[in-house]
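Have a look at the structure below before the remarks.
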Amino acid sequence: MKTVIKNFKDGVVNSYSQVFFSNNQWFGLLLILASFVNVNAGISGLIAVAFALLTATLLGFNSIYVKSGSYTFNVLLVGLTMGVFFCFSPAFLIILLFASAFTLFVSVWLSSYLNKYSLPVLSLAYILSIWVLLLGIKSFTAIRLSGSGANSCNEIWGTINPSFEIFHSQFDSWTITPLIVSYLKSMGAIFFQSNILPGIFITLGLLFYSRIAFSLSLLGFLAGYLFFYLFHGDIIPADFHIIGINYILSAIAIGGFFLIPSKASYILVLFCTPILGLIINAFGNFLAPYHLPLYSLPFSFFVLLILYTLNNRYFANHLYVVKYQLFSPEKNLYAFRSHLERFKKDTYIHIYPPFYGEWFISQGHEGKITHKQDFRFAWDFVVTDENKKTFRLPGEEVSDFYCYGLPVLSPAAGTVVTLQDGIDDNTVGDVNLNENWGNTIVIKHSDYLCSKISHIKKDSFTVKVGDYVKKGDTIALCGSSGRSPEPHIHFQLQETKEIGAKTLKYPLSYYVTKNTEGHQLHSFEYPKENETIFRATPTPLIQRAFHFIPGMKLNFNVTKGTEQYIANWEVFTDIENNSYFYCHKTKSVAYFTNNETLFYFNSFSGDKNSLLYNFYLGAHKILLSYFEGMNLEDNLPVETYNNGVMKTIQDFVAPFYIFLKATYKAHYSYADNVQSPSEIKINTVCAIGKSKRKIDFELELKENKLSKFIIKEKDSCIIAENI
């Protein structure tokens, strides 16, 4: 019952904030307050939303949609409109309840249809419902227009064709006051309020919710105003707020909500201003004879037109559609930029080195011996000792070579499409030019991506053509067949299954190199000749400690100075199979990914003073393999910053330039046994901003779990022990 009541309460508030594409509760409460400047409208809107939510709950609609308000914000608009237009009476209240239920049904119907095309409902359900109601109510004399309702009807129906001279003469003065008043009235008109006070409330709420949305509302309004001025639009300045609704909502939707905010999205808003102006006039002139209000129809039509067009592009170029909606232009932008910086080189298929352990690249891309022209994007791998020798003495037999007979692994999941076997290994120093590639296997990983491994030991294949192999499966042993004067692995990527196909430049997903400072992880790069590389094979202790599955519960005894408390986390998976931690105490959520090589966090929402947020920072990126002295680096999203003056300034300019930076570094500092550790310590540090606010973390892994987590910042120390 508590959950139902909470969902109902959240659904009411979110129904208001959803009008501005938000799920911010404080913004929603401010919008409720603004709607009550006109008491009749406020009461009517609230009743309509409450009844629709009750209906949706009783009918068994998904609680997620009930809580989000996505089905009921159109109901709110219908309720507000009826509260403005009609006198309160028993008959009115009955019609209001039926109208709210009808709008709910229309919203669900349109949502189920438009979702097939990845399109939002916007205010289409409201437009269709209010037209039906206004046309249907005319026959019922028990429902009477209020005085303000009659004026509103005349105002709305009469704004399409008045003389433009009044507009043009007032605009010639170009004073700032009329613009501000008209902007505030446009804001208020979104909630059917006729004076600037609710416009002030809504504007302040919008500024609090999103600086980007606020700037776009100004841009859209001014661009629309200027368009009507330059083309002598037929509208009175005092009534421009009715048209301004469409410009404001369209600018926010296209410039910063459904598209990632950017210079390109702002330019798109300006570029499409004339198109929207023509749509407004066209619909206005079409509807005028039928005495149907225009309202936000042009906005809905225009935004759906743009989104449908962009969804059918061959590839995204500058204008990126939001895939995972965070209901904030800033959050959408920062998450997108963070993901772009972290995974810009990521490939759809992850290709790993085809071996265990430490191997030396004797010939890389554009190699001087055989990696030429069509075959230039390939690697030759051998195993060397500390003196860079590839063999143990005397080195006269292939069995003297360190790599001979070592397992060859599948570099990624796929199907064996070509296999050549039966070719003997060469004696050391000899080559077989007639059967150049020697024993070879080709694995198809996707259309136009295959991997080829050559010079395999005769009769060592463990697979056959048609077999499906997983990443890391042993498929053969290293040999010295074909053009191979000494044992080695030839490895390349190609588009087709033929053994002689030309090479394809394609990066290895993850591998590790060693330098004077320790080990370094490389992601989606190309190993170079004379480098020694390691396959990042998971270390069992780290792998198990960061193996978080749905339903798992973690309890930490947290000590902060003299304060002690218990933090309870639980692992969940959402409808799109994205995993996340949920903190029951703070209601915080942290999304993460484990791709069997790395554990990393994607996003966080909630209390930035919580233990979960500190874990989000301190374990932002963890390699699941232990290498002594390993160093990892990553970027933290701008959302890492607490709110402040610099963060506010950053929000305003974020679509054009991001100047705030936050970095993450991890150092693998201790293992009691490098080969098979039972205890590991990983030290990480987050540096935030130019002031270099620094937070140090220590992760202690024991007994196949994260046993202890320590956070240090200045004189503060927090110790969390896994109980």
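The values are calculated or read from the model by the stated rules, or taken from the named source; none is laboratory data. From a predicted model like this one, the values you see are computed outputs, not experimental measurements. Here the Cβ is made from the backbone with ideal geometry for all residues, glycine too, and neighbour counts use every protein chain on show.
Counting residues in the range 329-345 that are in a strand (DSSP E or B), among the hydrophobic types (A, V, I, L, M, F, W, C), modelled with pLDDT of 90 or more and surrounded by 15 or more Cβ atoms within 10 Å (Cβ to Cβ) gives zero. Filtering the range 292-303 to residues that are closer than 17 Å to Ser129 by Cβ and of a type outside the set (Phe, Trp, Tyr) leaves Leu292, Pro293, Leu294, Ser296, Leu297, Ser300.
Of the listed requirements (1) modelled with pLDDT under 90; (2) part of a helix (DSSP H, G or I), Asn23 misses just one: (2). Of all residues in the range 363-383, those that are at positive phi have Cβ atoms under 6 Å from Cβ atoms of residues that are part of a loop (DSSP other than H, G, I, E, B) and among the charged types (D, E, K, R), 6 or more apart or on another chain, in Glu366/Arg376. Answer with yes or no whether Ile196 is assigned by TED's automatic domain parsing to the domain that holds Phe271, closer than 21 Å to Leu30 by Cβ, out of contact with any Phe, Trp or Tyr (no Cβ under 7 Å at 6 or more places or on another chain) and free of Cβ contacts under 8 Å to residues at least 40 places away in the same chain. Considered against the rule, which asks whether it is assigned by TED's automatic domain parsing to the domain that holds Phe271, closer than 21 Å to Leu30 by Cβ, out of contact with any Phe, Trp or Tyr (no Cβ under 7 Å at 6 or more places or on another chain) and free of Cβ contacts under 8 Å to residues at least 40 places away in the same chain, Ile196 comes out as yes.
The residues in the range 195-214 that are surrounded by 23 or more Cβ atoms within 10 Å (Cβ to Cβ) and either polar (S, T, N, Q) or under 17 Å from Phe656 (Cβ atoms) (or both) can be counted, and the count is 3. Is it true that some residue in the range 38-55 is aromatic (Phe, Trp, Tyr) and not in a helix (DSSP H, G or I)? No, because not a single residue in the range 38-55 is aromatic (Phe, Trp, Tyr) and not in a helix (DSSP H, G or I).
Screening the range 37-46 for residues that are modelled with pLDDT of 90 or more and in contact with a helix residue (DSSP H, G or I) (Cβ under 6 Å, 6 or more places away or on another chain) and picking the one that is farthest from Leu206 (Cα to Cα) gives Ser44. Does the range 442-469 hold any residues that are in a loop (DSSP other than H, G, I, E, B), buried (at least 19 other Cβ atoms within 10 Å of the Cβ) and not hydrophobic (A, V, I, L, M, F, W, C), and which are they? Lys457, the sole residue that qualifies. Condition first: within 23 Å of Ser210 (Cβ to Cβ) and either crowded, with 20+ Cβ neighbours inside 10 Å or hydroxyl-bearing (Ser, Thr, Tyr) (or both). Now tell me which residues in the range 307-326 satisfy that. Once the filter is applied, which keeps residues that are within 23 Å of Ser210 (Cβ to Cβ) and either crowded, with 20+ Cβ neighbours inside 10 Å or hydroxyl-bearing (Ser, Thr, Tyr) (or both), the range 307-326 yields Leu307, Tyr320, Tyr324. Annotation note: of Val645, Val638, Val685, the sole residue that is surrounded by fewer than 16 Cβ atoms within 10 Å (Cβ to Cβ) and assigned by TED's automatic domain parsing to the domain that holds Phe615 is Val645. Selection of the range 1-49 for residues being closer than 28 Å to Phe88 by Cα and basic (Lys, Arg) yields only Lys9. Look at the range 558-577: where a residue is of a type in the set (Asp, Glu) and a partner is part of a strand (DSSP E or B), sitting 6+ places away or on another chain with Cβ atoms under 6 Å, you get Glu570/Lys553; Glu570/Tyr582. Do we have Leu184 as within 17 Å of Phe20 (Cβ to Cβ), of a type outside the set (Ser, Thr, Tyr) and either assigned by TED's automatic domain parsing to the domain that holds Phe327 or surrounded by fewer than 21 Cβ atoms within 10 Å (Cβ to Cβ) (or both) here? Judged against the criteria, Leu184 is a match. All told, Phe355 falls short of being in a strand (DSSP E or B) and crowded, with 18+ Cβ neighbours inside 10 Å.
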